[in-house]
Amino acid sequence: MQTLYLMRHGQTEYNVQHILQGRCDSPLTCEGIAQARRTAAWLREHAEHVELTCTSPLGRARQTLDLVREEVPALAQLPRLDVPGLMERDYGRFDGKPVEQLPADPWNPGDATVRYGGESQAAARYRIVRTMQDLMNSCEGNVLAVSHGSISRLFKTVWAEHARCDQDVALGNCCVLVFEYDSATGTFANTEILNQ
């Protein structure tokens, strides 16, 4: 079995301002930087045999992974990939707008944003599941992937029936979801959640 460590980016200025980020970007706050460093300390102790580090190409995720790699020398030596499939959901015209303008739950918008240029639930689900399977199949060891809140939550709920830990945990900034991956079946089982 391989292990996937799926990490959410650190707190951003837009998180603090309650602005929906989606595909737009915002820098990490001082707290977001501290969160990444605290999570790096956990990864240093718990993430074994990682062979690949990858990130959404959005700046907040890249910055988070860069901070983790600075703190964990073993990870800094590994390949680092920018993977478009790890990007946050596209909320269409609501990207960069106050969260309260979104006509749905930002963590689970379903198809509410499609008519405004956003990504459908089915497309987002297919994208994140396929991306994770491809990443795991690309190496024999474990993978650290830095992504975003809504897309990570969607990935987690796809595999809820295989969960061996509490599935109703809010995904805080720099949380890490730990999954076992069975390459023979292409399935994931959620085994642990580190939440700050």
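Can you confirm whether Gly117 is out of contact with any Asp or Glu (no Cβ under 7 Å at 6 or more places or on another chain), without any contact (Cβ under 8 Å) to a residue 60 or more places away in the chain and open to solvent by 20 Å² or more (accessible area, probe 1.4 Å)? Yes: the conditions hold for Gly117.
Here Cys24 meets each of (1) touching a Cys at 6+ places or on another chain (Cβ under 8 Å); (2) open to solvent by 10 Å² or more (accessible area, probe 1.4 Å); (3) under 24 Å from Ala123 (Cα atoms) with one exception, condition (1). Here Glu51 meets the list (1) more than 15 Å from the chain's Cα centre (by Cα); (2) open to solvent by less than 50 Å² (accessible area, probe 1.4 Å) almost entirely, failing just condition (2). Every condition in (1) over 22 Å from Trp42 (Cβ atoms); (2) open to solvent by 30 Å² or more (accessible area, probe 1.4 Å); (3) touching a residue at least 12 places away in the same chain (Cβ under 8 Å); (4) assigned to a helix (DSSP H, G or I) is met by Ala74 except one, and the failing one is (1). Only residues that are polar (S, T, N, Q), modelled with pLDDT of 90 or more and surrounded by fewer than 19 Cβ atoms within 10 Å (Cβ to Cβ) were counted in segment 158-186, giving 2. Look at segment 84-108: where a residue is over 12 Å from Gly22 (Cα atoms) and a partner is open to solvent by 40 Å² or more (accessible area, probe 1.4 Å) and among the polar types (S, T, N, Q), sitting 6+ places away or on another chain with Cβ atoms under 9 Å, you get Asn108/Thr157. When segment 44-66 is limited to residues that are out of contact with any Asp or Glu (no Cβ under 8 Å at 6 or more places or on another chain) and hydrophobic (A, V, I, L, M, F, W, C), the one that is nearest to Ile151 (Cα to Cα) turns out to be Ala61. Filtering segment 54-71 to residues that are touching a Lys or Arg at 6+ places or on another chain (Cβ under 9 Å), open to solvent by less than 40 Å² (accessible area, probe 1.4 Å) and assigned to a helix (DSSP H, G or I) leaves Ala61, Thr64, Leu65, Leu67, Val68, Arg69.
The residues listed here are Arg69, Arg130, Arg115; of these, the one that is more than 28 Å from Thr53 (Cβ to Cβ), modelled with pLDDT of 95 or more and not β-branched (Val, Ile, Thr) is Arg115. Being touching a strand residue (DSSP E or B) at 6+ places or on another chain (Cβ under 8 Å), modelled with pLDDT under 95 and surrounded by fewer than 19 Cβ atoms within 10 Å (Cβ to Cβ): is that true of His18 here? Criteria not met by His18.
The values are calculated or read from the model by the stated rules, or taken from the named source; none is laboratory data. Being a predicted model, the structure only gives us computed values, none of them experimental. No Cβ is skipped: glycine too gets one built from the backbone with ideal geometry, and neighbour counts run over all protein chains shown. Note: areas computed on protein heavy atoms with side chains; ligands, DNA, RNA excluded. Shrake-Rupley method; radii C 1.70, N 1.55, O 1.52, S 1.80 Å.
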